[in-house]
Number of protein chains: 2
Amino acid sequence: MRASPEIEALMSRLAKLPGLGPRSARRATLALLQQPETRLQPLVEALQNAARTVQTCELCGNLDSQNPCLICRDQTRDQSVICVVEHVGDLWALERSSVHRGLYHVLGGTLSALNGTGPQDLNVSPLLQRAEKGDLKEVILALGATVEGATTAHWLNEQLAPLGVKVSRLGHGMPMGGALEGLDDGTLAAALMGRRELS
Amino acid sequence: MRASPEIEALMSRLAKLPGLGPRSARRATLALLQQPETRLQPLVEALQNAARTVQTCELCGNLDSQNPCLICRDQTRDQSVICVVEHVGDLWALERSSVHRGLYHVLGGTLSALNGTGPQDLNVSPLLQRAEKGDLKEVILALGATVEGATTAHWLNEQLAPLGVKVSRLGHGMPMGGALEGLDDGTLAAALMGRRELS
């Protein structure tokens, strides 16, 4: 015998979320059921609030309760530099590091022959429109250091270069705090080629 | 700048669940927001269904959508053996292993001088009432192998023994698949004292 269907349903819903497995879903389900007032109901409300308010920003593709999003509205940010990322999660990661003070553009993926993702499947036209307006100084391609990321970067560069926009990509090399012997050959080669003279 | 308050609220609600941390809560939030129809709404429904139906079984303390719970109702189970556990999660763990074919009783904790948990804080009277009825053959104390677990087992034995019920506890020793050198002294001592002659 197993738990009741309602408990099983909740557990399997939670277990399907990325970042959770069957074990953590079980623990979470138990905690939710044992504290319905302080855990379950507030979670339902948080989910419903988010579902009601959160939408995709029409300018950059970020998720926010405002449209355009808070980043696109922020006039203190450098409007002339756009950082292009694959997913909203990448945007959030960059925002946590607080190093980019310009705007963003979320592609929604990368070109991939394997997955059949072509240019028409990516969110590109708003970026090109902003580049055509002529007030863009730089587009930073913060895509994954993968074959798909490099292909997409190459293709985007071909679209943006004729519009007179400077296009750059993230630096490759050793991750901070990383040990040399743990690195793969590709990273080691990139780190060696990207070496800087000590000042 | 951070995400919108609705997104932050959802993230922090999820991060507070046991089994999740800030990182998995972020990944889960993103997945929920990106697939509202297939992930977020079904999760809200699963939560609401569970909140509406799940209750504590008045006989054993299990969580189920029926009261008495499916286990207590199951006439194919041995009604004369009750396995006493601290929490519902322990009951679920035993049910997954399918070794216990009797009933359960959830205490809701252990006696603990440190936490100020006394006999009056535990769910004990339904168990004693069942023992007093006289149709119980054995009570298996499946409590944690901790000081609190042992104290509680000792105290429960004092309550149950006068009623003529056989009281047992789980065996202590090496966990299956465990390596000897990884075991603590207490477990090694318990394993040595609990040795069995090879047949």
Per-residue Cβ counts within 10 Å, from other chains only, averaged over B:88-95: what number is that? 3
Whole-angstrom gap from segment A:57-111 to segment A:128-199, using each part's C-alpha centre: 17
Peptide-level mean, for B:22-35, of C-beta atoms on other protein chains within 10 Å: 5
May I ask you to evaluate 6.51 cos²θ - 1.76 cosθ + 1.60, the Karplus curve with θ = phi - 60°, for each residue of segment B:78-84 and list the ³J(HN,Hα) values in order in whole Hz, giving x for glycine and proline? 6, 6, 9, 10, 10, 9, 8
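Report the extension gain between B:K137 and B:L163 in nm, rounded to one decimal, defined as 0.36 nm multiplied by the number of residues separating them, less their alpha carbon distance.
Working it through step by step, the gained length comes to 8.3 nm.
Per the Kirkwood treatment, what hydrodynamic radius in Å, one decimal, follows for segment B:125-166 from the mean inverse distance over all distinct Cα pairs?
Answer for segment B:125-166: a Kirkwood hydrodynamic radius of 10.7 Å.
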Roll a 1.4 Å probe over the protein heavy atoms and report the accessible area of A:K166 in Å², nearest 10. 120
Using a simple charge model, +1 on the beta-carbon of Lys and Arg, -1 on the beta-carbon of Asp and Glu, nothing else, what dipole does the protein assembly as shown show about its Cα centre, in debye to the nearest 20? 180
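Could you give the alpha-carbon Rg of chain A over 2.2 N^0.38 Å, rounded to two decimals?
Relative to the 2.2 N^0.38 Å estimate, chain A comes out at 1.30.
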Over the Cα atoms of segment A:158-199, Rg to Rh with Kirkwood Rh, two decimal places? 1.16
Can you list residues whose amide H is under 5 Å from B:C83's amide H, if they're 5+ apart or on another chain and H is modeled 1.01 Å from N? B:L103, B:Y104, B:H105, B:I140
Ordering of B:177-183, A:124-130 by packing [mean C-beta count within 10 Å, highest first]: A:124-130, B:177-183
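For every helix of n ≥ 4 consecutive DSSP H residues, a contribution of -39,500 (n - 2.57) applies; sum these over chain B, divide by its total residues, and give [θ] at 222 nm rounded to the nearest 500 deg cm²/dmol.
Per the formula, -12000 deg cm²/dmol.
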Can you give me the relative contact order of chain B as a percent, contacts being Cα pairs under 8 Å and 6 or more apart? 13
Using a probe radius of 1.4 Å on protein heavy atoms only, what is the accessible area buried between chains B and A, both sides summed, to the nearest 100 Å²? 4700
Net charge near B:E138: determine it from the other residues with C-beta under 14 Å of the C-beta of B:E138, scoring Lys and Arg +1 and Asp and Glu -1. +4
Under a 5 Å amide H to amide H cut-off, with H placed in plane at 1.01 Å, what residues pair with B:C60 once short-range neighbours are removed? B:C69
Simple spin-label estimate for B:E181 and A:A113 in nanometres, 7 Å along Cα-Cβ: 5.0
Under a point-charge model restricted to the Cβ atoms of Lys and Arg (+1) and Asp and Glu (-1), what is the dipole moment magnitude of chain B relative to its Cα centre, in debye to the nearest 20? 460
May I ask you to give the percent of accessible area on chain B that is carbon plus sulfur, with a probe radius of 1.4 Å? 52
Under the classification rounded if a/c is under 1.5, otherwise prolate if a/b is larger than b/c and oblate if not, where does segment B:5-53 fall, given a ≥ b ≥ c as square roots of the Cα gyration tensor eigenvalues? oblate
Label model pair A:Q48, A:E197: point-to-point distance (7 angstrom along the Cα→beta-carbon line) in nm is 6.5
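What is segment B:75-169 by shape, rounded, prolate or oblate, if you read a ≥ b ≥ c off the alpha carbon gyration tensor as root eigenvalues and call it rounded for a/c under 1.5, prolate for a/b larger than b/c, and oblate otherwise? Kindly include the intermediate steps, with their values, before the conclusion.
Values: a/c = 1.90, a/b = 1.23, b/c = 1.55.
Oblate, because a/c is 1.5 or more while a/b does not exceed b/c.
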Taking the Cβ of B:R52 as the center, what net charge do the other residues with Cβ under 11 Å away carry, scoring Lys and Arg +1 and Asp and Glu -1? -2
Using +1 on the beta carbon of Lys and Arg, -1 on that of Asp and Glu, and nothing else charged, what's the dipole of segment A:63-169 about the Cα centre, debye to 20? 280
Degrees between helix B:41-53 axis and first principal axis of chain B (Cα, 0 to 90, nearest 10): 40
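Could the peptides B:44-50, B:60-66 be put in order, highest first, of the mean number of other beta-carbon atoms found within 10 Å of their residues?
B:60-66, B:44-50
Name the shape class, rounded, prolate or oblate, that the alpha-carbon gyration tensor gives for the protein assembly as shown, where a ≥ b ≥ c are the square roots of its eigenvalues, rounded holds for a/c under 1.5, and otherwise prolate holds if a/b is larger than b/c and oblate otherwise.
prolate
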For chain B, find the longest principal axis of its Cα atoms and tell me its angle to the long axis of helix B:5-15, 0 to 90°, nearest 10. 20
Among B:S12, B:I71, B:A142, the residue whose Cα sits farthest towards the positive end of the charge dipole of chain B (+1 at Cβ of Lys and Arg, -1 at Cβ of Asp and Glu, taken about the Cα centre) is B:S12
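The values are calculated or read from the model by the stated rules, or taken from the named source; none is laboratory data. It should be emphasised that the depicted structure is a prediction, and the values quoted were computed from it without experimental measurement. Note that each Cβ is placed from the backbone with ideal geometry, even for glycine, and that neighbours are counted across all protein chains shown. These area figures cover heavy atoms from the full protein model, side chains too; ligands, DNA and RNA do not enter into them. Shrake-Rupley method; radii C 1.70, N 1.55, O 1.52, S 1.80 Å.
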